[in-house]
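*Asks:* Take a look at the following structure, please.
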Amino acid sequence: MHILYIHQYFKTPEEGGAIRSYYLAKGLVEAGHKVTMVTSHNELTYKKMLVDGIYVHYLPVPYSQDFSKWKRIQAFLWFAWYACLKAPLFKHADRVYATSTPLTVGLAALYYRWRYRIPYLFEVRDLWPEAPVQKGVFRNRWLIKYLRNWEKRIYRQARALVALSPDIERHIRRIVPRKSIYLIPNMSDCQFFRKSERNIYHEVQFGVKDKFVVTYFGAIGQVNRLDYLLDAAEACQHKGLSGVHVLVVWQGIVLPRPKKLTIKRKLDNVSFIDHQNKYGLLSVLNVTDAAYLSFADRPVLQSNSPNKFFDALASGKMCITNTSGWVAQLVEDNHCGFYAHPKQPEKFVTQLAPFVTDRSLLEDYQSNARSLAEREFAKEKQIEVLRSALEESNQPTPVKAYTLLV
C-alpha cells in the first residue's frame, strides 16, 4: 500500500523534538508499505530525500515560533495550499494520513479525497481550534464558529480518526459520535531509552553531582508556563530541599524570561541547557531523577499527550505533571509520579521530599514508570494499531492501543 503522510513539522531523531511521525512512518515502511511524507522546511527550495526508507518531500514553507500570530496562520495556510499544488505527484496513493496540528492540514486531506478519491485518516494531536480559543488567540465568535465548522467537516469526511489521548477521543466523539476512532497516544521507544545507572561524566558535565535532578525538556512557550517550575525550584531552595537541582533543556522563544526570573530570584538550583537531539537527550536523562511536565492552567491542555512524557517513562524516570487530567491520573494510579498543583509550590516541596530522602522509594517509582512504558506505550504496539487501521479496505472497526483509561 502507498501511504501519503502529511505532517507540516516532520522531524528525525537527529533533529530532535517530537518524532512520533518518524516512528510511525518507519514502522509502516518496515511492515512493507511505501510511505511518502509531505512536510516543510525553512529552506528556500523544494527538496526530496530518502530518510530511512521514507520518501520525504520538503516544501519551502518557513515557520518559527518567533512569528506573529497571523504570520503563523499564513504559514499554515501556505503549507496546505502547497501540498495541494503537489497533488499530481501523489495521485496514485492508496491512503492519506494527515496529522494536525494545525487543523489546516485537514484541508489538504479533503482536497485529495475530492480530487483523486483517496480516503484519508486524520490524526488529532491537539484540540484545534479549541486550544487557541482558550488561549485567547481567536476571539471573534463568527471566526470561531467558522473554524469549528471546518473541524467538524474534516472529521466527518475522514475514513477514520486517530486520537492521542482519551480526552481528545471524547471531544471527537461529541462532534462525530458515529465515526471510527483509534486511540493511539504518543509512544515510548523502549529500545532506545532505558533505565540506566548514573554516569559520573554526565554528572560533572551538567553540574549535578550528588544532586536530586528534576528535568524539564521540550518547547518553552506561553503554553508551557515554565514559571510554575521556577516557583517550585524557589520553594525547594527556601524550604530546605537544597539537594534538589532543576535542569531546563529548552527549545522555544520565551527562554529569556525564565532566565531573567532565575537571575532575579537568585535561584542557584536552576540551570539551562541548549536544545538536544534524541541522542543528547539520553545524556540528560541519565542524570535525571524526575521529569517535570509543565503546561499553562487551561482545561484544554489537560488533554495533551506530551511526547516528553513517554520518553521519560521509557527512561525509567518518575514523572511530575502540573496539569490534572489523564496523565495525572495515569502516573498516580501506576505509582510512577504525582500531580503537583502549579500554584502551590510549597506543596510541591512536601510531595517531592520523600523521594529525595528515600532512594528506594524513588527506585520503585522509576521502575513502575519503565514497566508502564513497556506494558502500554511501546512504539511497536502503537505502530501495529495504525497499520491495521490503514490496511482496512472498508470502514474500520475501532481499536484501542491504550487500555487503561478507556
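*Asks:* Checking the conditions here, which among K239, K260 is out of contact with any strand residue (DSSP E or B) (no Cβ under 7 Å at 6 or more places or on another chain) and free of Cβ contacts under 8 Å to residues at least 40 places away in the same chain?
*Replies:* Details: K239 fails: free of Cβ contacts under 8 Å to residues at least 40 places away in the same chain.
Result: K260 is the single residue among K239, K260 that is out of contact with any strand residue (DSSP E or B) (no Cβ under 7 Å at 6 or more places or on another chain) and free of Cβ contacts under 8 Å to residues at least 40 places away in the same chain.
*Asks:* In addition: For residues that are acidic (D, E) and out of contact with any Pro (no Cβ under 8 Å at 6 or more places or on another chain), scanning just region 261-311, find the one that is farthest from P342 (Cα to Cα). Outline the logic, then answer.
*Replies:* Our first condition is that a residue be acidic (D, E); within region 261-311, this holds for 268, 274, 289, 297, 311.
If we keep only those that are out of contact with any Pro (no Cβ under 8 Å at 6 or more places or on another chain) as well, we get 268, 274, 289, 311.
Working: D268: 21, D274: 24, D289: 20, D311: 22 Å.
Ranking the qualifying residues of region 261-311, first place goes to D274.
*Asks:* Restrict the check to region 251-258 and report whether at least one residue is among the small types (G, A, S) and surrounded by 15 or more Cβ atoms within 10 Å (Cβ to Cβ).
*Replies:* Looking only at region 251-258, we keep the residues that are among the small types (G, A, S), and these are 252.
Then drop every residue that is not surrounded by 15 or more Cβ atoms within 10 Å (Cβ to Cβ), which leaves 252.
Within region 251-258, one or more residues are among the small types (G, A, S) and surrounded by 15 or more Cβ atoms within 10 Å (Cβ to Cβ).
*Asks:* Given the conditions (1) part of a strand (DSSP E or B); (2) out of contact with any Phe, Trp or Tyr (no Cβ under 8 Å at 6 or more places or on another chain), report the number of the one that E197 does not fulfil.
*Replies:* Evaluating E197 over (1) part of a strand (DSSP E or B); (2) out of contact with any Phe, Trp or Tyr (no Cβ under 8 Å at 6 or more places or on another chain) leaves (1) as the failure.
*Asks:* Within the group Y228, Y216, Y155, which residue is in a strand (DSSP E or B) and of a type outside the set (D, E, K, R)? I'd like the intermediate steps shown before the answer.
*Replies:* Values: Y228 fails: in a strand (DSSP E or B); Y155 fails: in a strand (DSSP E or B).
Selected residue: Y216, the only one of Y228, Y216, Y155 that is in a strand (DSSP E or B) and of a type outside the set (D, E, K, R).
*Asks:* Does D189 qualify as being modelled with pLDDT under 95, under 20 Å from S242 (Cα atoms) and of a type outside the set (A, V, I, L, M)?
*Replies:* On the way: modelled with pLDDT under 95: yes; under 20 Å from S242 (Cα atoms): no; of a type outside the set (A, V, I, L, M): yes.
So D189 fails the test.
*Asks:* Moving on. If the requirement is being closer than 20 Å to R148 by Cβ and β-branched (V, I, T), which of these qualifies: V124, V51? Outline the logic, then answer.
*Replies:* On the way: V51 fails: closer than 20 Å to R148 by Cβ.
V124 is the lone residue from the list that is closer than 20 Å to R148 by Cβ and β-branched (V, I, T).
*Asks:* Out of (1) out of contact with any Cys (no Cβ under 7 Å at 6 or more places or on another chain); (2) closer than 21 Å to Y23 by Cβ, the odd one out for A291 is which?
*Replies:* Of (1) out of contact with any Cys (no Cβ under 7 Å at 6 or more places or on another chain); (2) closer than 21 Å to Y23 by Cβ, only one is false for A291: (1).
*Asks:* Give the residue, chosen from S294, S271, that is within 30 Å of I200 (Cα to Cα), among the small types (G, A, S), surrounded by fewer than 19 Cβ atoms within 10 Å (Cβ to Cβ) and touching a residue at least 40 places away in the same chain (Cβ under 8 Å).
*Replies:* Values: S294 fails: surrounded by fewer than 19 Cβ atoms within 10 Å (Cβ to Cβ).
Going through S294, S271 in turn, just one is within 30 Å of I200 (Cα to Cα), among the small types (G, A, S), surrounded by fewer than 19 Cβ atoms within 10 Å (Cβ to Cβ) and touching a residue at least 40 places away in the same chain (Cβ under 8 Å): S271.
*Asks:* Return the pair list, or none, for Cβ contacts closer than 6 Å from residues in region 198-211 that are among the aromatic types (F, W, Y) to residues that are surrounded by 11 or more Cβ atoms within 10 Å (Cβ to Cβ), at least 6 apart or on different chains.
*Replies:* Taking only residues 6 or more apart or on different chains, the pairs are F206/V287.
*Asks:* Go through region 311-351 and count every residue that is farther than 18 Å from R194 by Cβ, part of a helix (DSSP H, G or I) and among the small types (G, A, S).
*Replies:* Of the residues in that region, 1 qualify.
*Asks:* Let me spell it out: the conditions are (1) more than 23 Å from the chain's Cα centre (by Cα); (2) closer than 30 Å to L372 by Cβ; (3) surrounded by fewer than 17 Cβ atoms within 10 Å (Cβ to Cβ), and K179 meets all of them except one. Which number is the exception?
*Replies:* So the condition that K179 fails would be (3).
*Asks:* Which of the numbered conditions does I3 fail, given that it passes all the others? Conditions: (1) over 13 Å from K86 (Cβ atoms); (2) surrounded by fewer than 18 Cβ atoms within 10 Å (Cβ to Cβ); (3) at pLDDT 95 or above.
*Replies:* Result: I3 passes all but (2).
*Asks:* Those residues that are acidic (D, E) and within 25 Å of the chain's Cα centre (by Cα), I need them from region 202-230; list them, please.
*Replies:* D227
*Asks:* Here is a further query. May I ask you to verify whether K308 is surrounded by fewer than 24 Cβ atoms within 10 Å (Cβ to Cβ), touching a residue at least 40 places away in the same chain (Cβ under 8 Å) and outside any helix (DSSP H, G or I)? Walk me through how you get there before you give the answer.
*Replies:* Working: surrounded by fewer than 24 Cβ atoms within 10 Å (Cβ to Cβ): yes; touching a residue at least 40 places away in the same chain (Cβ under 8 Å): yes; outside any helix (DSSP H, G or I): no.
So K308 fails the test.
*Asks:* Given the condition of a type in the set (V, I, T), buried (at least 22 other Cβ atoms within 10 Å of the Cβ) and not in a strand (DSSP E or B), answer yes or no: does some residue in region 278-285 qualify?
*Replies:* At the first step, the residues of region 278-285 found to be of a type in the set (V, I, T) are 284.
Then keep just the ones that are buried (at least 22 other Cβ atoms within 10 Å of the Cβ); that gives none.
No; the residues of region 278-285 include none that is of a type in the set (V, I, T), buried (at least 22 other Cβ atoms within 10 Å of the Cβ) and not in a strand (DSSP E or B).
*Asks:* Separate question: For residues that are of a type in the set (S, T, Y) and either surrounded by fewer than 18 Cβ atoms within 10 Å (Cβ to Cβ) or out of contact with any Phe, Trp or Tyr (no Cβ under 7 Å at 6 or more places or on another chain) (or both), tally how many sit in region 23-53. Can you show your working first?
*Replies:* Of region 23-53, the ones of a type in the set (S, T, Y) are 23, 36, 39-40, 45-46.
Pick out the ones that are also either surrounded by fewer than 18 Cβ atoms within 10 Å (Cβ to Cβ) or out of contact with any Phe, Trp or Tyr (no Cβ under 7 Å at 6 or more places or on another chain) (or both) and you get 23, 45-46.
The number of residues fulfilling the criteria is 3.
*Asks:* So, of the residues in region 63-100 that are part of a loop (DSSP other than H, G, I, E, B) and under 22 Å from L127 (Cβ atoms), which turns out to be modelled with the lowest pLDDT? Before the answer, list the steps.
*Replies:* To start, the set of residues in region 63-100 that are part of a loop (DSSP other than H, G, I, E, B) comprises 63-68, 86, 91-94, 100.
Checking the rest, the ones that are also under 22 Å from L127 (Cβ atoms) come to 63, 65, 67, 100.
Numbers: Y63: 87, Q65: 70, F67: 79, S100: 88.
Filtering region 63-100 for residues that are part of a loop (DSSP other than H, G, I, E, B) and under 22 Å from L127 (Cβ atoms), the one modelled with the lowest pLDDT comes out as Q65.
*Asks:* Tell me, yes or no, whether region 202-212 has at least one residue that is within 19 Å of Y339 (Cα to Cα), in the same structural domain as P299 (by TED's automatic domain parsing) and not basic (K, R). Outline the logic, then answer.
*Replies:* Just the residues of region 202-212 that are within 19 Å of Y339 (Cα to Cα), to begin with: 212.
Still in the running and in the same structural domain as P299 (by TED's automatic domain parsing): 212.
Next, from what is left, pick out any that are not basic (K, R): 212.
So far as region 202-212 goes, yes, one or more of its residues are within 19 Å of Y339 (Cα to Cα), in the same structural domain as P299 (by TED's automatic domain parsing) and not basic (K, R).
The values are calculated or read from the model by the stated rules, or taken from the named source; none is laboratory data. The model shown is predicted, which means the values in this text are computed figures rather than measured ones. Glycine also receives a Cβ, built like all others from the backbone with ideal geometry; neighbour counts cover every protein chain displayed.
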